[in-house]
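A short write-up of the structure that comes next.
Taken together, the values in this text are just the output of simple stated rules run on the coordinates, not laboratory data. Predicted, not measured: the structure shown is a model, and the values here were computed from it. Glycine gets a Cβ as well: all are built from the backbone with ideal geometry, and neighbour counts include every protein chain shown.
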Amino acid sequence: MLSLKRQNIFLVLVAISIFLFDQLTKLYVINTQPFISHPNFTITPIENFGIIFGLLEDTHPFVRIVFFSLVFILIIMSYFIIDYLFLDNVKLFKLRLSLTLYFSAVAGNALERINSGSVTDFIQIQIFNFKTYFLNIADIFQLIGLMISIYYLFKFKDLVWNLTSKRKNFIINPKFQYQIARFLVLTTLAVGVLVGALAYCYLNIHMDQESSVYQSFFLTWIVLMAVIIVIVFILGLYLSHRIAGPLYGFEKYLERLDSSENEIPQFKIRKKDYFNQLETMARKVALIKKNSDKNG
């Protein structure tokens, strides 16, 4: 089994390969203009100004760029948060690989839309003469990665959620944990308001004064900021939990140690928690108490 470091290198290469393969197929289709027709399947290049399956294609170009820029940031942030917090385990390589397929494909399409305002689709699928869907290679990787990820999330649920070593209470020190979460949320909100204000100024100066454009812009900004704030709030609680947990455990350990007469209790820091040095301190305190009891 590959080490975690080698897995990370491999996943980076996979993400780069998916991006390059997707871009090369699009360039090939644009330059050669192939046309393969079938009653339910057609290959021919089209310019998609929306997202997957052609959604949001009628939105104002500036709003689309702002939307896709925020989505790109959200995608990258979500991937690294998920990978760092839950998947730093060599046994979860298959799940990490499937998530890499999904997020790298989504990020590739989002980056292309930021750069050119649209994305090239060239696979048209007709479903029962009812609906036509437009796809590219990145969309296919998104669907494959998503389905495989869902499967492995259920298969490796114990490792992902660390069910065997969960604490009974997630909020151990409410005042401290909510304070950290609020600080992160307020910082994120301040940055978001600043970026939104700059985008609004640009929109107000360079774009036509259309109320629908402003409505679309503010709706997009509000929805994405709400999603980001929720993620940051949960992240703040999670990170503060990994700080408050060891301190709370050490406090309870000292109470057990003080009340015990013969047996020395054990103190163990969970793998993903901070302050691993508390284990060494606990052993030193236990040794001091043991010597003190002998001398007493």
Could you list the residues of segment 262-292 with an amide nitrogen less than 19 Å from a label point located 7 Å from the Cα of residue 187 in the Cα-to-C-beta direction? 274-275
Furthest towards positive pole of dipole, 254, 177, 194, structure part segment 167-296, Cβ charges: 254
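Considering only Cα-Cα distances, which of the following residue pairs are longer than 24 Å: 155/272; 157/272; 94/271; 5/94; 155/271? Working shown, then result.
Details: 155/272 21 Å; 157/272 17 Å; 94/271 21 Å; 5/94 15 Å; 155/271 21 Å.
Beyond 24 Å between Cα atoms: no listed pair.
Taking the Cβ-Cβ separation of residue 9 and residue 258 as r and a Förster radius of 51 Å, what is the calculated FRET efficiency to the nearest 0.05?
Numbers: r = 48 Å, r/R0 = 0.95.
Computed FRET efficiency for residue 9 and residue 258: 0.60.
On a full-extension model of 0.36 nm per residue, what is the gain between residue 147 and residue 231, subtracting their alpha-carbon distance, rounded to one decimal in nm? Don't skip to the end; give the middle numbers.
Working: separation 84, 0.36 × 84 = 30.24 nm, distance 2.24 nm.
Additional length available on full extension: 28.0 nm.
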Local electrostatic count, residue 26, Cβ distance below 11 Å [Lys/Arg +1, Asp/Glu -1]: -4
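Using unit Cβ charges (K, R positive; D, E negative) and no other charged atoms, how large, in debye to the nearest 20, is the dipole of segment 167-296 about its Cα centre?
Details: 16 positive and 10 negative charges, 160 e Å.
Around 760 debye, computed over segment 167-296.
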